[in-house]
1. Restricting attention to the stretch A:83-97, and to residues there that are over 11 Å from C:LYS180 (Cα atoms) and facing another protein chain (nearest Cβ under 7 Å), which single residue is most open to solvent (accessible area, probe 1.4 Å)?
2. Please work out if A:TRP66 is aromatic (Phe, Trp, Tyr), at pLDDT below 95 and open to solvent by 50 Å² or more (accessible area, probe 1.4 Å).
3. Can you tell me how many residues in the stretch B:82-119 are crowded, with 24+ Cβ neighbours inside 10 Å, within 25 Å of B:VAL39 (Cα to Cα) and within 14 Å of another protein chain (Cβ to nearest Cβ)?
4. Condition first: among the hydroxyl-bearing types (Ser, Thr, Tyr) and assigned to a helix (DSSP H, G or I). Now tell me which residues in the stretch A:164-223 satisfy that.
5. Find the residue count for the stretch C:91-115, including only residues that are buried (at least 24 other Cβ atoms within 10 Å of the Cβ), within 14 Å of chain A (Cβ to nearest Cβ) and not β-branched (Val, Ile, Thr).
6. Which numbered condition in (1) out of contact with any Asp or Glu (no Cβ under 6 Å at 6 or more places or on another chain); (2) open to solvent by 80 Å² or more (accessible area, probe 1.4 Å) is the only one that A:ASP138 fails?
7. Got at least one residue in the stretch C:50-57 being closer than 14 Å to C:GLU110 by Cα and not assigned by TED's automatic domain parsing to the domain that holds C:THR168?
8. Output the number of residues of the stretch B:332-362 satisfying the condition of being away from chain C (no Cβ under 14 Å) and either in a helix (DSSP H, G or I) or more than 24 Å from the chain's Cα centre (by Cα) (or both).
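The values are calculated or read from the model by the stated rules, or taken from the named source; none is laboratory data. As the structure is a computational prediction, the values presented were derived from the model and not from experiment. Note that each Cβ is placed from the backbone with ideal geometry, even for glycine, and that neighbours are counted across all protein chains shown. Just so you know, the surface numbers come from the protein's heavy atoms only, side chains and all, with ligands and any DNA or RNA stripped out. Shrake-Rupley method; radii C 1.70, N 1.55, O 1.52, S 1.80 Å.
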Amino acid sequence: MSWITKTFTSSIGRKVIVAITGLFLCTFLVVHLVGNLQLFKDDGGAAFNIYSHFMGTNPVIRTLEWVLVLGFGFHIYESYTLAVRNRAARKVGYVDSRPSENSPWYSRSMALLGTLILIFLIVHMYNFFYRARFGDLDPDINNNDDLYTLVVTSFKQWWYVLLYVGAQIALCYHLIHGFRSGFQTLGLNHRKYTPIIRVIGYIFAIVVCAGFASMPLYFYFFK
Amino acid sequence: MNLDSKIPEGPLAEKWEKHKFNVKLVNPANKRKYDVIIVGTGLAGASAAASLAELGYNVKAFTYHDSPRRAHSIAAQGGINAAKNYQNDGDSVFRLFYDTIKGGDYRSREANVYRLAQVSVNIIDQCVAQGVPFAREYGGLLANRSFGGAQVSRTFYARGQTGQQLLLGAYSALSRQIAYGKVKMYTRSEMLELVVVDGKARGIVTRNLITGEIETHAAHAVVLATGGYGNVFYLSTNAKYCNVTAPWRAHKKGAYFANPCFTQIHPTCIPVSGDYQSKLTLMSESLRNDGRVWVPKTKEMAERLRGGQIRVADIPEEERDYFLERKYPSFGNLVPRDVASRNAKQACDEGRGVGSTGLAVYLDFADAIKREGVDKVSQKYGNLFAMYEKITAENPYELPMRIYPAVHYTMGGLWVDYNLMTSIPGLYATGECNFSDHGANRLGASALMQGLADGYFVIPYTIGDYLAQMPPTPVTTQHAAFKEAEEAVHARTQKLLSIKGTRTPNEFHKALGHIMWDHCGMSRNAEGLQFAKQEIQKLRREFWSDLKLTGTNEELNQMLEIAGRVADFLELGELMVDDALNRKESCGGHFREEYQTPENEALRDDENFAYVAAWEWTGDNQPETLHKEELQFENVKLTQRSYK
Amino acid sequence: MAGNNPNAKPMNLTLKVWRQRNRNSEGKIVEYQVKDISPEMSFLEMLDVLNEDLLLKGDEPVAFDHDCREGICGSCDLFINGRAHGPEKGTTTCQLHMRKFSDGDTITIEPWRANAFPVNRDLSVDRSAFDRIIQAGGYISVNTGGVPDGNEIPIPKNIADKAFEAATCISCGACVAACKNASAMLFVSAKISQLALLPQGQVERKTRVENMVAQMDKEGFGACTNIGQCAAECPVGISLENIALMNREFISAKATSENLA
């Protein structure tokens, strides 16, 4: 094995990949959220459709899309590999184990939360991304694909809203742990800054997930 | 056999230098042809194993622990002395030497102690280089504190866990040699017999504690670094596994046992709370730097306190007797351990003890807290206070600590010459396992110093002198003596397992402990010692006829391990009593009630007892033969220790 | 004055203890009753009582690791009621006292669980993996003798204190036992931090972290997911900062060392 593969297949090496991709995905969430805020513009979806048209056609964005795919891919693959390895490190378990007395549940459930998010992601991708990119959406008044209408009709179905809001709750807990955890894994732990990072992590997780969750709720209840 | 201490000629300060020049050297290319066995991997053992391996010898190291890092050296709290004079307070090699000789009540060898003081400075340098995180001043230099019995600040420390940090240093050096393949490490292996071939130590027999397998190992020399035998008292500050088995097996093969009655009772331990008690916990002596020792002035007041009619706070200042400060104004609470212990016992014997049992005195930090503030005090002693609170559920920031003396260290041990070789050629003893440097009482922060001095800086020179005198031909376990020793171990184990009596090894151990503590403890007298001797003999007979064990040899059998150790303690105990009976004087930790000054201080008899009592085994249930090594004092004047 | 209370009421307890004859045999939980346990006893003294009872009845006593019984040797290693070293924070098993339990309690006692810590017997486990990790680089390569004077290397007090805090690790393995992933990173990082912080440790700084992490992985410990169970259960309070420092050391060593292997 070369030093490169050795580095990135070591326990810390894999963690570092998870951390870097995780923090990268956090930046994606911000961009995604900010863009989607166009949904709230009361213009029958014109602005949103311009935005989604731009995202679907701009060559820079299209290139970055692949980076995003790689980010997701590595984040999921490395996390999965680590989870398997960690599970295997204790073949015989405890008869009586009370982890709730020493740690928060979501920190211990990152793999589960991640899996839930992945399931959501597949549904979400199929529903919006796939149909926007490869589907046959009707044009809107500006002759852009009318993704807005698809979003609105989707969010009129209760089970869809439930799925989305549920996924955001999972994502929120995933982020509360993941945000600060990413810094810790990259070695960025400092008596001065770590408490600040923790607070930012909480705010980030809540704001981002509340933002995303507000969309289906808004359309279900107010439109 | 004639006891030749092999002390080099010449002025005291030059002896070690000259000796190092005069010892024979082993050719560097030949060192790898010599095998050395080291039993015990505490400070003395791990440092020796690492240093000898660095020189090129093949080392086999043995410990009954699961890792060398668990040896009981780890529990030493206070510190390690070194004559660095970093504090510019008048310390010197000679002063450390002088303090140690005096502290030991003039029952140790001048030459050994001087060497110890000389190499003490190298130990600190070595440990710092290994990354031992000693306490430091704000300027980045090493910090010192003063310790019981010394009027200079020469003690280096790492908060309250100096022992752990020093041991981890030695353990890391040892680990490096294990990784290099120069040390073969045998963990969970207990030495149960010494193998002597043609009068020379040639190997050992061990039991693998996990599988029960009995193994033999051969080497050109054997070093015992197995610690002290304080657990003969059952309750002591020693770890539960500490035992005398390795040196005792060697003793029965011809190694003389020196000054067995010299045991140190440490003044600041957490008192016994009940019969179930399995061990006693030391509170570092450093606490006496700021804590003030007191009991109520009157018996009546103490009784009311014990009965719960009054509380500590109800006792006004003038009703408190700070007895150490009162009796020893110049040393105050910092008098040596034997003096502090005996005075605590005296106060309790007068009925002035505190706590539910009345067997405790106060160690009070109220003044220190008032003077320096809680923060400063907690910085110095925080971990000790926390430990105290965990055990007693009392907060020492609010209530004074209750302390009582407990067995802590054994100055006696295998007799060794200046080269640390026992009376069996090729068998060495280092650290607490030998008798050499502390006389009748050890000063605080000296045990770590001695263990590391022996291992890092003495044995590496002196063992070469012995090895160079034999050809570098391989040694094997083929000799009949190995078979014999192995069979003896098997037979002994089977005997223990086949008694099938009614009493557990711990019951016997506790019973022995009571006899020893009551009659051969802090103070002794002829009548009590005679009684103890008979009691021990009786207990030993009962042990071999009424011991109960279950299980087999071929498995992890912890009760079997204990039984083997208790069997040896039952023999050692009698020798300690014999030694105490023989020594018709009081000195250091050995206080014979018949021999005291009008002020109840120890009364030495230099005329008749300025010797090392080295005992030779003569056979089961036979009286041992006493050999005397006269102690020569050419550089210090023998005076009565005065700490007033 | 609970610590000195002659009237503390004795307790009767039910113990559920893991019994396993040796490394290769199957184990199971066996139930025992112990009576008249004083609240002043340490947990291990309570087990002593059980073992004396068992032996007198002709049963085999429960094997468990212990030695100094003052919280420093790191030998004791019991998983008590679902927690490494039991319910009290910052406490080794030997320093846990029975006053933390109540009359009538049922207490489950298990050995540390991790593939890297195989069970020797009953509650005793083999932690030699820790030794092998230290052997991979947890030292400063200086031979005895020939070192500079102790005061020739001034070390800022805050750095010395930090190194000391990392060095207080007692290698008990509670971090591994408590971790969902059976990860040893708190243990390994404590040693790496200690030596990386000190000037003496700089020379071998890169090889040390590379080799120790490689050995840690080889022993079969899991990987850290920053849950913090290790630090929460650590009896001597080793901080998670050490793990971050180790990660940093590892990343920088891998990026800059000339080690191609």
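1. The residue in question is A:LYS91.
2. Taking the combined requirement at face value, the residue does not satisfy it.
3. Of the residues in the stretch B:82-119, 0 are crowded, with 24+ Cβ neighbours inside 10 Å, within 25 Å of B:VAL39 (Cα to Cα) and within 14 Å of another protein chain (Cβ to nearest Cβ).
4. If the condition is that a residue be among the hydroxyl-bearing types (Ser, Thr, Tyr) and assigned to a helix (DSSP H, G or I), then A:TYR164, A:TYR173, A:SER181, A:THR185, A:THR194, A:TYR202, A:SER214, A:TYR218, A:TYR220 are the ones that fit.
5. The qualifying residues number 4.
6. A:ASP138 satisfies all of (1) out of contact with any Asp or Glu (no Cβ under 6 Å at 6 or more places or on another chain); (2) open to solvent by 80 Å² or more (accessible area, probe 1.4 Å) except (1).
7. No - not one qualifying residue is present in the stretch C:50-57.
8. Number of matching residues: 19.
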